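What follows is one structure encoded as structure tokens, with my remarks underneath.
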Amino acid sequence: MLFANRFRFRAETCVLGALTLVLGLGWATRELAFAQEQSREVASGTIVLNQVKLNEQREKGELVGRNGVYVAGDTPGSSQFVTGRYILEPGKSPHPPHTHAEEEVMVIESGEGEIFCDGKTTKIGPGSVMYTTPNVSHGIVNTGDKPIVFYYVKWATKSSK
């Protein structure tokens, strides 16, 4: 009986212990989320072409090209920042015209095709540049007999997140 009285749980002690545990877990979760957010922020630096891994890109199961991402993440002034290089096979499109919340720039390095942007289709070749504002329909098609190589940059302002 003495042993049972000595180790009896008191309600206020249990409540205090549970509250301490919940507050500690909440704090740890917040700190983990903050650390993960900070680790996703893009750091200044230089990436050279041979550091970029090209991945096959398919549309409806069919190979349309290869995409390599240089940088992706948030920056001090933007969110959803991404820049990469795309090699688009002849006669292909990476996807039908689409829209998204990010602004986008595409710079054509080589090849020939057409870019649809904001209701207008333009023939493009080396040195062509497309810029689109958020939520404007755009797309690219390779109409030539060689791959189109282009670079792209997309970003959203922190306020449009």
Fill in the blank from the handout: A correct fewest-to-most ranking of V141, V48, V107 by other Cβ atoms within 10 Å would be V48, V107, V141
Completion exercise
Per the C-alpha gyration tensor (a ≥ b ≥ c, the square roots of its eigenvalues), the range 49-155 is rounded if a/c is under 1.5, else prolate if a/b beats b/c, else oblate; here it's oblate
Practice task
Go through 55-68, 108-121 and give me the packing order, highest mean Cβ count within 10 Å leading.
Solution key: 108-121, 55-68
Exercise for the section: Pull up all non-local amide H partners of I124: gap of 5 or more, or a different chain, and H-to-H distance under 5 Å with H placed in the peptide plane. Expected result: G113, E114, I115
Exercise for the section: Tabulate in residue order the Karplus-calculated ³J(HN,Hα) for the range 137-149, using 6.51 cos²θ - 1.76 cosθ + 1.60 with θ = phi - 60°, rounded to whole Hz; enter x for Gly and Pro. Expected result: 5, 7, x, 9, 9, 8, 9, x, 9, 10, x, 8, 10
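Each value in this text was obtained by applying a stated rule to the coordinates, not by laboratory testing. Note that the structure is a prediction, hence the values are computed from the model and not measured. Quick reminder, even Gly has a Cβ in these numbers, built from the backbone with ideal geometry, and neighbours come from all protein chains shown.
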